[in-house]
Amino acid sequence: MEILDLYDRELRPTGQTIERGKRVPPGLMIPIVAVYVYNNHGQYLIQKVAPNKGNYYATTAGHVKSGETDFAKAMLRELKEEIGLSATKSELELVKIRRYEYKFTFLYLLKSNVQVEMLRLQPEEVESVKWMSLDEIEELCRQGLFNRTHYRLLRDCVESDYFRK
């Protein structure tokens with residue numbers, strides 16, 4: 001059983017918790033972290049979620065566990081757990097905080113040229129990973145195979161000032 005901290009709409013901790021999967025009370029929110037790993041070739045490291053988790057394509061993301069107050073560290077934990085990729089806080093670039101009805105997502109970018117063969121996937125979560133171009137990801141979207149919310153997050157990254165530097 002995973003316990004999550006509840007926040008108010010201004011991202012302040014309330015001191016309340018909720019079990020993951022339970023309905024978030026109105027006016028409260030849970031934190032989510034997501035990252036797009038990109039390489040020197042303009043590709044993104046995309047994972048195919050395990051069949052028991054939905055069998056779709058997405059990026060690495062996850063819930064912030066109760067007691068984790070450093071969202072960047074929570075993102076690093078998710079990266080390590082799901083795909084075996086190690087990084088440091090200084091390598092993460094916060095792109096945006098996107099608010100939804102009952103959750104907010106801290107969206108990060110991470111530059112890495114890791115070879116997929118070097119990654120250790122968590123089989124309960126991830127079936128496979130591969131580097132994909134934006135065009136390839138958009139084709140998966142057209143086919144209904146890429147998580148729509150994650151695609152919107154990718155658009156946030158692509159359209160951010162980060163790539164205009």
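The values are calculated or read from the model by the stated rules, or taken from the named source; none is laboratory data. Predicted model only: the values in this text are computed from it and were never measured. Glycine also receives a Cβ, built like all others from the backbone with ideal geometry; neighbour counts cover every protein chain displayed.
Filtering region 28-86 to residues that are of a type outside the set (Val, Ile, Thr), under 19 Å from Ser133 (Cα atoms) and in a loop (DSSP other than H, G, I, E, B) leaves Asn39, Asn40, His41, Gly42, Gln43, Tyr56. Going by the structure shown, is Arg23 over 25 Å from Asp5 (Cβ atoms), modelled with pLDDT of 95 or more, part of a loop (DSSP other than H, G, I, E, B) and not hydrophobic (A, V, I, L, M, F, W, C)? No; evaluated as a whole, the condition is false for this residue. One residue alone among Ile18, Ile32 is among the β-branched types (Val, Ile, Thr) and touching a Lys or Arg at 6+ places or on another chain (Cβ under 7 Å), and that residue is Ile32. Of the set (1) closer than 17 Å to Tyr36 by Cβ; (2) surrounded by 17 or more Cβ atoms within 10 Å (Cβ to Cβ), all apply to Leu121 but (1). For region 130-165, filtering for residues that are in contact (Cβ under 8 Å) with a residue 40 or more places away in the chain and not in a helix (DSSP H, G or I) leaves 8. Screening Glu127 with (1) part of a strand (DSSP E or B); (2) exposed (fewer than 13 other Cβ atoms within 10 Å of the Cβ) gives one miss only, at (2). Just to be sure before I move on: is Ile97 touching a Leu at 6+ places or on another chain (Cβ under 8 Å), surrounded by 12 or more Cβ atoms within 10 Å (Cβ to Cβ), under 30 Å from Pro13 (Cβ atoms) and at pLDDT 95 or above in the structure I sent? Considered against the rule, which asks whether it is touching a Leu at 6+ places or on another chain (Cβ under 8 Å), surrounded by 12 or more Cβ atoms within 10 Å (Cβ to Cβ), under 30 Å from Pro13 (Cβ atoms) and at pLDDT 95 or above, Ile97 comes out as yes. Applying the condition of being small (Gly, Ala, Ser) and within 24 Å of Glu91 (Cα to Cα) to region 1-55 and asking which residue is surrounded by the most Cβ atoms within 10 Å (Cβ to Cβ) yields Ala34. Annotation for region 56-70: at least one member residue is touching a Pro at 6+ places or on another chain (Cβ under 8 Å), surrounded by fewer than 22 Cβ atoms within 10 Å (Cβ to Cβ) and in contact (Cβ under 8 Å) with a residue 40 or more places away in the chain.
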